[in-house]
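Notes to accompany the following structure.
The values are calculated or read from the model by the stated rules, or taken from the named source; none is laboratory data. What you see is a predicted model, and the numbers here were worked out from it, not measured in a lab. Here Cβ is always computed from backbone atoms with ideal geometry, including for glycine, and neighbour counts include all displayed protein chains. Side chains included, ligands, DNA and RNA excluded: accessible areas come from the protein's heavy atoms. Shrake-Rupley method; radii C 1.70, N 1.55, O 1.52, S 1.80 Å.
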Amino acid sequence: MTTIMTVLCAVFAAHSLTAVEVDFREPQIVPVPRKMAYEAHRAVRLEDATRFSVSCPDVAARDWVAAKAKHWWKIDPGISDAELALPTADEGYSINAEPGRIEIAARTLQGIRYAMMTLRQAAEPCPSGLGEEKYWLASLKVED
């Protein structure tokens with residue numbers, strides 16, 4: 001019995017570590033952002049290893065992003081300040097999500113909130129096979 005369990009665990013582990021072929025549907029964001037491009041075949045996993053870069057003059061932005069990432073996706077990502085180009089509109093935002101990193105820029109905390117809500121709408125449950133729900137999304141760029 002122990003041998004069978006060991007073999008099953010090894011097979012399961014090998015299967016979960018193999019690359020998963022992805023083909024995301026177009027993200028359905030409401031309201032529709034001004035500009036959005038996505039790559040259906042590139043997955044951005046929302047996990048602790050994902051690095052968030054936040055560019056916003058409001059000092060509360062980093063903490064807000066961290067709190068929502070923990071609440072929505074059960075992750076504790078590294079969050080750093082960034083020097084990204086800020087949108088011209090006060091509540092505007094930009095997102096660049098690529099494997100391993102997500103960059104968010106906004107002039108105000110409300111813009112950061114809108115960016116995170118856009119990410120939340122784009123995120124889909126990821127088949128982890130480990131009994132806990134994980135999330136991922138297509139690589140995307142958004143300006144709104």
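If we scan segment 106-128, do we find a residue that is touching a residue at least 60 places away in the same chain (Cβ under 8 Å) and in contact with a helix residue (DSSP H, G or I) (Cβ under 6 Å, 6 or more places away or on another chain)?
no
Filter segment 18-45 down to the residues that are in a loop (DSSP other than H, G, I, E, B) and open to solvent by less than 80 Å² (accessible area, probe 1.4 Å) and list them by number.
Across segment 18-45, the qualifying residues are Thr18, Val20, Val22, Phe24, Pro27, Ile29, Pro33.
Just a yes or no: is a residue in segment 84-101 outside any helix (DSSP H, G or I), touching a residue at least 60 places away in the same chain (Cβ under 8 Å) and open to solvent by less than 20 Å² (accessible area, probe 1.4 Å)?
Checked segment 84-101: no residue is outside any helix (DSSP H, G or I), touching a residue at least 60 places away in the same chain (Cβ under 8 Å) and open to solvent by less than 20 Å² (accessible area, probe 1.4 Å).
Filter segment 60-113 for residues that are of a type in the set (Ser, Thr, Tyr) and more than 22 Å from Met36 (Cβ to Cβ) and give the result.
The answer is Ser80, and nothing else.
Quick one: would you say Asp48 is under 22 Å from Ala138 (Cα atoms), assigned to a loop (DSSP other than H, G, I, E, B), open to solvent by 40 Å² or more (accessible area, probe 1.4 Å) and at pLDDT below 95? It would help to see each step written out before you state the result.
Working: under 22 Å from Ala138 (Cα atoms): yes; assigned to a loop (DSSP other than H, G, I, E, B): yes; open to solvent by 40 Å² or more (accessible area, probe 1.4 Å): yes; at pLDDT below 95: yes.
In short, yes.
Select from segment 102-125 the residues that are within 14 Å of Arg45 (Cβ to Cβ) and either touching an Asp or Glu at 6+ places or on another chain (Cβ under 7 Å) or in a loop (DSSP other than H, G, I, E, B) (or both) and list them in ascending order. Let's see the steps before the verdict.
Just the residues of segment 102-125 that are within 14 Å of Arg45 (Cβ to Cβ), to begin with: 102, 119, 122-125.
Within segment 102-125, Ala123, Pro125 qualify.
Looking at segment 71-83, which of its residues are more than 17 Å from Lys134 (Cα to Cα) and either open to solvent by 30 Å² or more (accessible area, probe 1.4 Å) or outside any strand (DSSP E or B) (or both)?
The answer is Ser80, Asp81, Ala82, Glu83.
Would you check which residues across segment 126-144 are closer than 20 Å to Asp76 by Cα, open to solvent by less than 80 Å² (accessible area, probe 1.4 Å) and in a loop (DSSP other than H, G, I, E, B) and list them?
The one that is closer than 20 Å to Asp76 by Cα, open to solvent by less than 80 Å² (accessible area, probe 1.4 Å) and in a loop (DSSP other than H, G, I, E, B): Ser128.
Name the pairs: first residue in segment 25-38 and in contact (Cβ under 8 Å) with a residue 60 or more places away in the chain and within 14 Å of Met116 (Cα to Cα), second residue in a loop (DSSP other than H, G, I, E, B) and open to solvent by less than 100 Å² (accessible area, probe 1.4 Å), Cβ to Cβ under 6 Å, at least 6 apart or on different chains?
Listed pairs, sorted by first residue: Pro33/Asp144.
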